[in-house]
Structure formats: structure tokens, C-alpha cells
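Novice: Encoded as C-alpha cells, here's the structure I'll be asking about.
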Amino acid sequence: MLPTQGRAIAIVGAGFSGSLLALHLLRRCAPDDRILLIERNQRFGLGLAYSTGNPNHLLNVRAGNMSAFSDQPDHFVQWLRSLPAEMRATLPDDPGPNSFVPRGLFGRYVQQLLGDRIWRQGNDRNLFLVNDEAVAMHRQQDGWSVELAVGRKLPVDQAVLAIGNFPPRRSQPGYFGDPWAERALANLNSDAPVLLIGTGLTMIDTVISLLDQGHRGPIHAVSRRGLLPQRHGAVAQAWRFAKLPQGASLCRLLRDVRAAIREAASENINWRAVIDGLRPYTQRLWREMPIGERQRFLRHLRPWWDVHRHRAAPRIDSRIQEARERGQLRIAAARIGRIEHCIETVQVTLTARHGDRSVLNVNRVIDCSGLQSDLAKIDGPLIRQLLDAGHIRADALRLGIDIADGGAAINTAGERHADLFAIGPMTKGASWEITAVPDIRLACEELAARLLILPATQAPPPSSSADILPFDPPARPQRAR
């Protein structure tokens with residue numbers, strides 16, 4: 001049984017966003033507070049991004065920017081350096097702030113932080129891992145009742161939706177909507193042609209997986225503009241803007257950024273430093289933009305922003321370029337038309353940017369264009385129930401859940417909840433940049449401070465590097481009883 005004293009906070013989703021929020025709540029909670037971390041999968045702390053088992057799927061951010069705690073920016077690097085020597089020897093780079101390490105290893109880091117808080121620091125009385133799917137939430141007189149798939153209902157004072165990325169598109173014969181599913185690349189003839197929809201970072205991961213399994217056949221990758229993520233350059237200090245950029249006018253902001261890039265080039269500073277220099281202001285710039293300017297950004301500039309902002313690790317980019325140079329990876333700018341599954345092939349109609357149509361015959365099609373974000377197209381029972389009950393609504397741009405400042409969910413009447421919040425990628429309509437670790441980390445710290453306000457004389461305990469445990473695979477989480 002769950003104790004009823006103290007405050008009870010439910011976090012629905014135990015990917016990176018939900019697990020990190022739980023960690024920051026555990027740093028602030030009183031002895032009788034209860035954090036319920038609800039996750040339908042048995043692997044807590046990973047989520048989609050960090051559940052890959054391929055060691056060649058590297059982080060797209062340097063390790064020095066991946067700490068779970070802003071008060072100790074080198075925490076992740078120190079954890080990497082504490083790994084056994086035989087494990088460090090398998091890493092593509094020597095562990096350090098400028099290294100790009102396997103994404104799955106970062107998932108282990110988050111899992112171990114949870115285990116550290118539970119088993120070593122005594123937070124087992126505060127954190128309950130609920131291994132089940134939340135299918136509905138019902139308004140109570142004081143708080144919420146979270147209904148699980150098994151029929152059990154958990155009363156809580158506050159709830160946070162940390163569902164992460166929404167499910168991928170449904171698969172059908174010859175077409176795989178989930179590029180991360182094992183069957184997407186299973187039983188594939190190594191000489192067979194493959195079509196990847198999308199040319200972003202997910203496409204790059206899929207190409208790497210194909211190459212790792214010895215695929216020799218042609219790999220076609222198609223997107224509307226045919227743009228590939230840029231390569232990370234040498235480490236450089238982020239550009240300091242003499243005048244802080246403003247976001248009211250998209251055209252003015254674009255002119256200012258281009259002017260800064262030209263100024264940086266005159267000082268032999270790469271454009272990457274200017275893009276990185278925008279990071280502290282990105283969320284503010286997005287919020288300053290009128291809705292019409294945000295729509296213009298999504299229609300015209302988003303693909304260009306994505307490939308310059310979200311870059312590929314140098315080692316991975318080199319493999320991609322080698323595949324292009326030998327003619328195996330073929331990038332095209334075109335729209336996808338009809339996809340028709342035949343007996344042995346899949347016929348895909350492509351319309352090039354200049355209007356010419358062609359038919360491509362491949363063995364299978366894998367959709368790497370990104371996950372769903374429009375709530376109206378989501379099949380998940382919890383989201384559907386919350387929408388139908390009017391507890392949440394889609395944001396104006398259909399990028400996820402509509403939230404107010406501070407992460408409070410907004411209902412269909414336009415009212416903000418005092419006890420229902422959302423965090424992570426589903427809130428990008430309000431924040432835009434909320435998918436990278438530094439952005440999610442800040443959001444988790446701020447939301448934890450709102451949910452559990454400490455007395456003026458009490459401060460959250462710092463995360464000391466001395467508390468880093470030697471690497472040990474995390475134990476399977478216990479079900480809450």
C-alpha cells in the first residue's frame with residue numbers, strides 16, 4: 001500500500017524528462033512526500049532517445065553539456081571517468097567534456113542516478129516506481145486519481161505529464177513507421193534497396209544501423225529540401241551578441257543572426273559559435289514571436305534551423321559522407337506521393353522540387369521523418385481521455401500540449417491548472433527548444449521548485465561527484481504495492 005501522508009506527486013512517463021524531474025523532486029522532498037514514477041515499459045530512465053543498444057549511435061551533444069545537474073556541470077563527465085577501464089576502452093573517444101559517447105550509455109547514467117537516490121541515499125521511502133500504463137486521469141475534489149491499465153487508481157495531489165515523444169506512425173506491409181523497432185531492419189537482404197523518409201538525425205542513425213549490419217545495397221533518403229545535419233566543428237566559445245537578439249520580427253532576427261555570422265567570419269570564428277550563442281535566448285525569442293511569425297518559421301526556416309542547430313558527431317558524419325561518396329547513400333529533395341506494396345517490392349512515387357515525377361522500387365520504406373506531435377492524431381488512451389474530458393488541449397501550432405508559463409497545462413476553456421503540468425518534448429509549442437538535455441534539465445529544476453517549495457532555511461542538497469557510484473547495471477525496478 002502507498003502511504004497517504006505528505007504530498008503525493010505522480011509523474012506519468014519515466015523517460016529522461018520524467019526521471020530527471022523525479023531526481024530533482026527527491027532533492028527537495030520532505031520525509032513523508034511521495035513521488036510516483038509511472039512507466040508502462042520495464043526500463044525506467046531511458047525513453048526512446050537513450051534506449052538504443054547500438055554503441056555507434058552517439059550523442060549529438062558533447063558530454064560536457066550532458067550533466068543532469070546544473071550546479072555540477074561536469075557530473076556526467078565524472079561518471080564516465082568512473083567507468084571500469086575495460087568499458088572506457090570501448091568508447092569511441094576518451095571520456096572528457098568534448099567527447100561524443102554512445103547514447104545508450106547516457107541512459108545508463110540516468111538509470112544509475114535513480115538507483116543511487118533510491119538505494120544509497122535512502123529515498124526508497126519517497127520514490128515509488130509504478131510499472132504500468134496510465135490510461136486515464138480523473139479530477140478529484142483535491143487533486144487527481146490516476147487510473148492504471150490494471151484498473152487500479154492512485155490518488156495524488158499533483159500530476160505531471162512527461163510522456164516524451166508521441167508514438168510513431170503505424171506500420172503496414174513494406175512500410176515501417178517506427179525506425180527504432182527491431183523489425184524495421186530485420187530480415188533485410190543486404191543488397192536490397194531501401195528508402196528512408198527524412199534526412200535528419202533519425203535518418204543518420206538508421207543508416208549507421210544498416211551499415212553496421214553489413215548492408216551493401218543502395219540507401220535512398222528523401223526529404224522536401226534534401227538537407228543533411230551539419231557536422232560538429234572544433235570546440236569554440238559561444239558567440240556573445242553585442243546587442244541581445246529580439247524575436248518580435250522573424251525577418252529582423254534572421255538579419256541580425258546573419259550579420260553576427262558575417263562579423264564572426266571576419267574574426268575567423270565559425271558560424272557554429274553564433275548558433276550556439278543563441279541557445280540561452282532561444283526560448284525567450286520563441287515566446288516573443290507572434291503566432292504568425294512562429295508559423296512562418298515552421299513553414300520556411302525550420303529545416304534550415306534544425307540542420308544547423310542539431311548537428312552530427314564528427315565520427316558519425318564521416319561515415320555518412322563516405323557512404324555518399326561511394327554512391328551507396330543517395331540524398332534527394334522530393335515529396336513522397338503514393339506508396340504501393342507489391343509482391344516483392346514497394347513502389348514509391350516521388351515528386352522532385354522542380355516538378356518531375358519518378359517511381360522508385362525498393363525492398364522496404366522506413367519513416368525517419370520524426371514522431372507525431374498533433375494531439376488529434378495520437379492513439380494513446382491517456383491523451384485521448386484527457387482531451388475528451390477537456391483537461392488539456394493542443395497548442396495553436398499543433399506541436400503538443402498547450403501550457404502556460406511554468407509548465408501548467410491549459411484546459412479547453414483556456415484555464416491553467418494549478419495541479420496538472422507537462423514537461424519535455426510535448427511542450428515545444430510553448431518553448432520550442434525543449435528536446436536537448438540542457439533545456440530539459442533547466443525545466444525540471446524549475447518545475448521541481450514549483451511543486452515542492454522548500455522552507456527559506458532549507459536548500460536542495462548538492463550533487464557531489466564523491467557520490468558517484470562505480471558503474472553497475474541497474475536493477476529491475478520494483479512495482480509499487
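Novice: If you check every pair at least six apart or on different chains, which have Cβ atoms under 7 Å apart with a residue in region 382-394 that is in the same structural domain as GLY407 (by TED's automatic domain parsing) first and a residue that is in a helix (DSSP H, G or I) second?
Specialist: ILE383/LEU375; LEU387/LEU375; ILE392/LEU386; ALA394/LEU375; ALA394/ALA376
Novice: Checking the conditions here, which among ARG296, ARG326 is in contact (Cβ under 8 Å) with a residue 12 or more places away in the chain and either of a type outside the set (Gly, Ala, Ser) or surrounded by fewer than 16 Cβ atoms within 10 Å (Cβ to Cβ) (or both)?
Specialist: ARG296
Novice: Which of the residues spanning region 349-372 are among the hydroxyl-bearing types (Ser, Thr, Tyr) and surrounded by 16 or more Cβ atoms within 10 Å (Cβ to Cβ)?
Specialist: Within region 349-372, SER369 is the sole residue that qualifies.
Novice: Considering only region 373-397, state which residues are surrounded by fewer than 17 Cβ atoms within 10 Å (Cβ to Cβ) and either under 17 Å from the mean Cα position of the chain (by Cα) or not in a loop (DSSP other than H, G, I, E, B) (or both).
Specialist: Those that are surrounded by fewer than 17 Cβ atoms within 10 Å (Cβ to Cβ) and either under 17 Å from the mean Cα position of the chain (by Cα) or not in a loop (DSSP other than H, G, I, E, B) (or both): ASP374, ALA376, LYS377, PRO381, ARG384, ASP388.
Novice: What are the residues in region 410-434 that are of a type in the set (A, V, I, L, M, F, W, C), crowded, with 20+ Cβ neighbours inside 10 Å and over 17 Å from GLU445 (Cα atoms), if any?
Specialist: Within region 410-434, ILE410, MET426, ALA430, TRP432 meet the criteria.
Novice: Still on this structure, please answer the following. Looking at VAL135, VAL222, VAL160, which one is outside the structural domain of GLN112 (by TED's automatic domain parsing) and not acidic (Asp, Glu)?
Specialist: The unique qualifying residue is VAL222.
Novice: Could you tell me whether region 239-252 includes any residue that is of a type in the set (Phe, Trp, Tyr), modelled with pLDDT under 95, in a helix (DSSP H, G or I) and surrounded by 13 or more Cβ atoms within 10 Å (Cβ to Cβ)?
Specialist: Within region 239-252, not a single residue is of a type in the set (Phe, Trp, Tyr), modelled with pLDDT under 95, in a helix (DSSP H, G or I) and surrounded by 13 or more Cβ atoms within 10 Å (Cβ to Cβ).
Novice: Give me a count of the residues in region 255-273 that are exposed (fewer than 15 other Cβ atoms within 10 Å of the Cβ) and either under 22 Å from GLN283 (Cα atoms) or among the acidic types (Asp, Glu) (or both).
Specialist: 5
Novice: I would also like to ask the following. Given the conditions (1) at pLDDT below 55; (2) within 21 Å of LEU37 (Cβ to Cβ); (3) hydroxyl-bearing (Ser, Thr, Tyr), report the number of the one that SER464 does not fulfil.
Specialist: (2)
The values are calculated or read from the model by the stated rules, or taken from the named source; none is laboratory data. Nothing here was measured: the structure is a model prediction, and the numbers come from that model. Positions of Cβ are generated from backbone atoms using ideal geometry, with glycine treated the same way; all protein chains shown enter the neighbour counts.
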